[in-house]
Amino acid sequence: MRLEPADALDRVKGALGERVTDARLNHGQVDLTVELDKYVEVVRILRDDIALGCRFFTFLSAIDRSTYKYDDDDQRETGSAGSQNKKGGIEVLVHLYSPDKIWHVNLHVPLDFDAPVCPSITGVFRGAEWHEREAAEMFGIHFTDHPNLTTLYLSEDFEGHPMLKSFKLPARSYVKDWPGAKDPDEAAAAGGR
């Protein structure tokens, strides 16, 4: 039985009440903003409440909503190496789905930009383990109680978090020669690109 988006929103508001700070429809999906201390509880209720039935974990990621200006931007401040406006902050984004009721919910969990820490939901959805590891590596979020918070893509000695807007990518030719070149003459002809 398909649950219409407006009905889904009403059910979520009824089941979660004050546990969410914002609940609204966004392109036919329910968008919730959840405070950190209620996050795991809200995910568990969305999964276990028979009227909601969000038992399918789709993904977890993060969003850097800050703004960052590099020192080579047109509007830079004189003498500044770069500045970051943390007003938008960083948030964890989780998408859940109800296969029985055919509706989607997105959870937005705002975090402290300077020390992003979030509880793990691997105790509710085991499939979140890999997603939390990726968000930790790419955004610098520490997931407390995560069973195996190790890197997936980057080497252990890599410094920084590539998905943050403040992370400046080095030029490819500066780092090393392009690995796709078949011979040294080809690499030189391409200018190391």
### Message
What is the sum of charges, Lys and Arg at +1 and Asp and Glu at -1, for the other residues whose Cβ falls under 14 Å from the Cβ of Leu36?
### Response
-4
### Query
If you stretched the chain out fully between Ala6 and Glu35, how much longer would it get, using 0.36 nm times the residue separation minus the C-alpha to C-alpha distance?
8.2 nm
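Below 11 angstrom from the Cβ of Tyr153, what's the summed charge of the other residues (Lys, Arg +1; Asp, Glu -1)? Could the numbers behind the result be given before it?
Values: positive: Arg133; negative: Glu134, Glu137.
Charge balance near Tyr153 sits at -1.
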### Gained length - Thr67 relative to Ala115, 0.36 nm times residue gap less alpha-carbon distance
15.6 nm
### Query
Can you run phi through the Karplus equation (6.51, -1.76, 1.60; θ = phi - 60°) for segment 16-23 and list ³J(HN,Hα) in whole Hz, with x for Gly and Pro?
9, x, 6, 6, 10, 8, 8, 9
## Note on the structure
Going fewest to most other Cβ atoms within 10 Å around each Cβ, Met163, Met138, Met1 line up as Met1, Met163, Met138
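Any read-out appearing in this document is the output of simple, stated calculations on the displayed coordinates, not a laboratory observation. These numbers come from a predicted model, not from an experiment. Cβ atoms come from the backbone with ideal geometry, glycine included; neighbour counts cover every protein chain shown.
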